[in-house]
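Below: one structure, written as C-alpha cells.
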Amino acid sequence: VAVIVVEGAGDHFCGGADIAEFAETYATAEGTARANAAIAAAVEAVAGVTKPTVAVLRGACVGGGVALALACDLRLARADARFAVTPAKLGLLYSFSDTARLMRAVGAGRAKEMLFSARVVEAEEALRIGLVQRVMSDEEAGAHVCALSEASRPALRGIKRMVASVESGVMCE
C-alpha cells in the first residue's frame, strides 16, 4: 500500500456525530469522556498512519468529518463538497488537536471565524483558504491518487516524516 484513501460511502464524506445520540452518549461525565476519547483515538489513528493519507471529499463534511479530513495529509474535494465546523452551535468545543489542525490549514483568524459562526464553506472557498488542496471530479481524484501511489513508497513515507518534523519545529535529518 502506497497511499491510503479515506472517503465516505455514497454522496457525502461525513456528517459528524449523530446528534440524536447526544442525550444518551453525553448524559454523564464518564460517558462524555469515553465518547471523546474514542473519537480522538480514531482521528489520531488516521493522523498517525505512516503512509500518506488522502481524504476524497464530496457532499457534506461537517464537525467530526472535518476533523477526520484534516487528519489526512491531503484533501481533494469534489465541487459539491461543503464544510462546517459546528460544535459552537451545539454548545460544545472542538478538541484541541482538531482546532490546531484547522488553524494550521486555514490560519488562526479563519479558524476562529469558522468555529464561531459554524457557517458552511463551499468547495471553492475551501480551496482558496487552504482547507483543501484541490477541487476535482471523482475521476480526477482517482487519477491523482494513482499518480501519487506510483512514487517511491520509502520516499513518500520519508516526505511525510520530514514535513511532520518541520511542522513540529523538530529539525532532524
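The values are calculated or read from the model by the stated rules, or taken from the named source; none is laboratory data. Model, not experiment: these values are computed from the prediction. Because the Cβ atoms are built from the backbone with ideal geometry, glycine has one as well, and the counts that use them run over all protein chains shown. Note: areas computed on protein heavy atoms with side chains; ligands, DNA, RNA excluded. Shrake-Rupley method; radii C 1.70, N 1.55, O 1.52, S 1.80 Å.
Some values worked out for this structure:
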{"read-out": "Cβ-Cβ under 8 Å pairs, at least 6 apart or on other chains, the range 1-16 side among the aliphatic types (A, V, I, L, M), far side open to solvent by 80 Å² or more (accessible area, probe 1.4 Å)", "value": "Ala2/Glu150; Ala2/Arg153"}
{"read-out": "Subset of the range 81-116 that is touching a residue at least 60 places away in the same chain (Cβ under 8 Å) and touching an Asp or Glu at 6+ places or on another chain (Cβ under 9 Å) - its residue that is most open to solvent (accessible area, probe 1.4 Å)", "value": "Arg104"}
{"read-out": "Residue in the range 90-104 that is modelled with pLDDT of 95 or more, touching a Lys or Arg at 6+ places or on another chain (Cβ under 6 Å) and among the small types (Gly, Ala, Ser) present", "value": "no"}
{"read-out": "Qualifying residue in the range 67-78 (condition: assigned to a loop (DSSP other than H, G, I, E, B), open to solvent by 20 Å² or more (accessible area, probe 1.4 Å) and in contact with a strand residue (DSSP E or B) (Cβ under 8 Å, 6 or more places away or on another chain))", "value": "yes"}
{"read-out": "Residue selected from the range 118-142 under the condition out of contact with any strand residue (DSSP E or B) (no Cβ under 9 Å at 6 or more places or on another chain) and open to solvent by less than 60 Å² (accessible area, probe 1.4 Å), by the criterion farthest from Leu57 (Cα to Cα)", "value": "Gly130"}
